[in-house]
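Report on the structure given below.
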Amino acid sequence: MQPNPKRKLVTRPVQPVADLCTTCIHCDSCHLRATTIQPVHECNEFDDGTPAISNGMAKGLLHSVPKAPKQNSAPAREALVGLCMNCDHRDTCTLPRPSGGVWHCEEYK
Amino acid sequence: MKPNLKTIGHEAVPALDRTRAGGPVSVPRVTDVSSARADELHPYAARVLADLSARYWWEREFLIAVEEVLVSLTPVLELNPVYEAERILERIVEPERVITFRVAWLDDQNQIQVNRAWRVQWSSALGPYKGGTRLHASVTLDGMKFLAFEQTFKNSLTGLPLGSGKGGSDFSPRGRSRHEVMRFCQAYMNELYRYIGPDVDVPAGDIGVGTREIGYLFGHYKRLTHRFNGVFTGKAHEWGGSLLRPEATGFGIAYFAQEMLAERGTSLEGKQIAVSGFGNVAWGVVKKVTELGGKVLTLSGPDGYVYDPDGVQGDKIDFMLSMRYSGNDRVQEYAERFGVTFNANRRPWEVPCDIAFPCAIQNELDLDDAKHLVTGGCKYLVEGANMPTSTDAIAFLQDQGVIFVPGKAANAGGVAVSGLEMSQNGAREYWPSDEVDRHLHRIMTNIHHNVATSAKQYAEPGNYLAGANICGFQKVAGAIIDQGVG
């Protein structure tokens, strides 16, 4: 198809994202920075809403990271793994059942 | 209508309004950075800066960073004509290599997304290239160059065998699922793995790259190369990471301050301290400074600052962490919990103090804040964050006799422990935290000694800014000369 010579090519300029504040959740209300003129490329308080564990935070410092829920003492049969899966004692057994399953057991039947 | 600035190329980033109380941010176009301080430059440095400004006129932050370093080098260039003869400045202001690539990956809707990525390998004069990886929509080659250049001097100051670099992509993890982040990291590594290695280039985390992303990147590097080695730092401790890395930057800043005060016959004991921020760096500073006898009076967040006349200590330091991880990012919670004053929408520099530690954000302390600090009796300003103090504020503080310590010296403890992670990986060892801490303390003591000595030798005693730039430069320049032209 021949291009229409009367039709102007319209290009929309791509606006670059200027700095960290652009996607920071505190952008509108932050009072940490002194100037709004200079772009910010370094910020220890930057937060874009991604979970802290992926945001450079120390694993050793994550006191408040939710832990995996504890295993129910009487797990559903379909949740059993390892030897317990088909053991005759599975409904009454009170031995510990780690989440990774039991793979050695003298009481297995 | 509020502008949506979040669309780059094919990837749409969830929109936030960029407009703040002070109006929309604009980046002024700069054509001649050097004009303002031309008379402070050595003629050789002025010539190099003029060439650089003409070639990269749009790279404002990079040019300002170069200018700041070159101004500090004037006495060194006068006393050492060999640097001009060897054309060291021309060689040090250009990266050794820049790798540009595109990253194509599939999002959760099976749509192809394309991002741009860079790795700037600035200098390998002192060791393998070393610097963070940033995933953020604002990442550009210009920004990476600026950060890699700054990294050169910081890494040099550590005294460890570390070159410098920086990299990243304009991919934003914000709003992306875990699997999307993983697929992006793997696509990114599909190209980058050719250019990195434990003896070549050792990236680390940065904005948008934490332990999770390092895991995805390292895992894919391992699959592609069939090698388990120390190609990344910032790894989880269970598979090669170093203990004390999260605390390292803050602890190192406190150690530097301790050395600085010791040289002046005093200590942190009983000093009144103002800290900004409440993230990892601020937390480390507060913890260590308090251990060393200082009293931290302030913390700040995006909402304002708290003033605690009894000092941030004990349980209060732990509360900083829970405040951080609550996701609310409000220091007002601290005031409510401990019954102290909260000052909304203000910065902590109006509080009288002996030492100020800006630990939050670039450009957080301007001339007005500097005047408040001087009025309040502040004698020392130790930068915890990178470049938190504006140029005019630094000039004012130095003019008023306040000892100013730049972040590139004070916060080098972070990258120093990354260097220690490389040592541990190379030796197939894990060091206990007290051993890492001992090494960190020694490194920070050495940095202080070297910076202070350079300041005395070439500038004036106590000018840590000049000392840091000169000391960092001379190590790199010496290595470049020793290793010949190429």
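The values are calculated or read from the model by the stated rules, or taken from the named source; none is laboratory data. Nothing here was measured: the structure is a model prediction, and the numbers come from that model. Cβ: placed from backbone, ideal geometry, glycine included. Neighbour counts: every protein chain shown.
For the reader, a short list of remarks on this structure follows.
- So residue A:65, is it within 14 Å of chain B (Cβ to nearest Cβ), surrounded by fewer than 16 Cβ atoms within 10 Å (Cβ to Cβ), modelled with pLDDT under 60 and closer than 30 Å to residue B:115 by Cβ: yes
- Residues of the range B:130-165 that are more than 18 Å from residue B:414 (Cβ to Cβ) and hydroxyl-bearing (Ser, Thr, Tyr): B:138, B:140.
- Complete set of residues in the range B:354-368 that are crowded, with 24+ Cβ neighbours inside 10 Å and not in a strand (DSSP E or B): B:359, B:360, B:362, B:363, B:364
- Residue match in the range B:172-190 (condition: within 30 Å of residue B:470 (Cβ to Cβ), crowded, with 24+ Cβ neighbours inside 10 Å, within 10 Å of chain A (Cβ to nearest Cβ) and not charged (D, E, K, R)): no
- The set of residues in the range B:131-144 being over 16 Å from residue B:92 (Cβ atoms) and either at pLDDT 95 or above or not β-branched (Val, Ile, Thr) (or both) consists of B:132, B:133, B:134, B:135, B:136, B:137, B:138, B:141, B:142, B:143, B:144.
- Identity of the residue in the range B:382-425, part of a strand (DSSP E or B) and more than 14 Å from chain A (Cβ to nearest Cβ), that ends up surrounded by the fewest Cβ atoms within 10 Å (Cβ to Cβ): B:403
- Residues located in the range B:256-294, provided they are over 22 Å from residue B:306 (Cα atoms) and under 17 Å from the mean Cα position of the chain (by Cα): B:256
- Qualifying residue in the range B:313-324 (condition: touching a strand residue (DSSP E or B) at 6+ places or on another chain (Cβ under 7 Å), of a type outside the set (Lys, Arg) and modelled with pLDDT of 90 or more): no
- Taking the criterion of being at negative phi, facing chain A (nearest Cβ under 10 Å) and in contact (Cβ under 8 Å) with a residue 24 or more places away in the chain, the residues of the range B:349-369 that qualify are B:349, B:358, B:359, B:360, B:361, B:362, B:364, B:365, B:366, B:367, B:369.
- Residue match in the range B:130-139 (condition: away from every other protein chain (no Cβ under 14 Å) and either buried (at least 19 other Cβ atoms within 10 Å of the Cβ) or of a type outside the set (A, V, I, L, M) (or both)): yes
- Hits in the range B:145-164 - residues which are touching a residue at least 60 places away in the same chain (Cβ under 8 Å) and either closer than 15 Å to residue B:93 by Cβ or part of a helix (DSSP H, G or I) (or both): B:145, B:146, B:149, B:150, B:151, B:152, B:153, B:154, B:155, B:156, B:157
- Test: residue B:276 is farther than 21 Å from residue B:412 by Cα, in contact (Cβ under 8 Å) with a residue 60 or more places away in the chain and among the polar types (S, T, N, Q): no
- Helices (runs of 4 or more DSSP H) (entirely within the range B:51-127) containing at least 1 residues that are among the hydroxyl-bearing types (Ser, Thr, Tyr): B:60-72, B:74-79, B:82-85
- Of all the residues in the range B:260-307, those that are touching a helix residue (DSSP H, G or I) at 6+ places or on another chain (Cβ under 7 Å), in a loop (DSSP other than H, G, I, E, B) and of a type outside the set (A, V, I, L, M, F, W, C) number 3.
- Looking only at the range B:314-338, and only at residues there that are surrounded by fewer than 16 Cβ atoms within 10 Å (Cβ to Cβ) and away from chain A (no Cβ under 13 Å), the one that is nearest to residue A:28 (Cα to Cα): B:336
- Subset of the range B:432-478 [in a loop (DSSP other than H, G, I, E, B) and within 20 Å of residue B:284 (Cα to Cα)]: B:432
- Some residue of the range B:223-239 being more than 9 Å from chain A (Cβ to nearest Cβ), among the β-branched types (Val, Ile, Thr), touching a Pro at 6+ places or on another chain (Cβ under 6 Å) and crowded, with 22+ Cβ neighbours inside 10 Å: yes
- Subset tally (residues that are in contact with an Asp or Glu (Cβ under 7 Å, 6 or more places away or on another chain) and within 17 Å of residue B:169 (Cα to Cα)) for the range B:104-118: 4
- Among the candidates B:213, B:247, the residue that is outside any loop (DSSP other than H, G, I, E, B), within 14 Å of another protein chain (Cβ to nearest Cβ) and under 23 Å from residue B:99 (Cα atoms) is uniquely B:213.
- Per this entry, residue B:345 is not counted among residues that are at pLDDT below 95, closer than 27 Å to residue B:267 by Cα and not hydroxyl-bearing (Ser, Thr, Tyr).
- Evaluated against (1) touching a Phe, Trp or Tyr at 6+ places or on another chain (Cβ under 8 Å); (2) closer than 28 Å to residue B:420 by Cβ; (3) of a type outside the set (S, T, N, Q), residue B:191 falls short on exactly one condition, (2).
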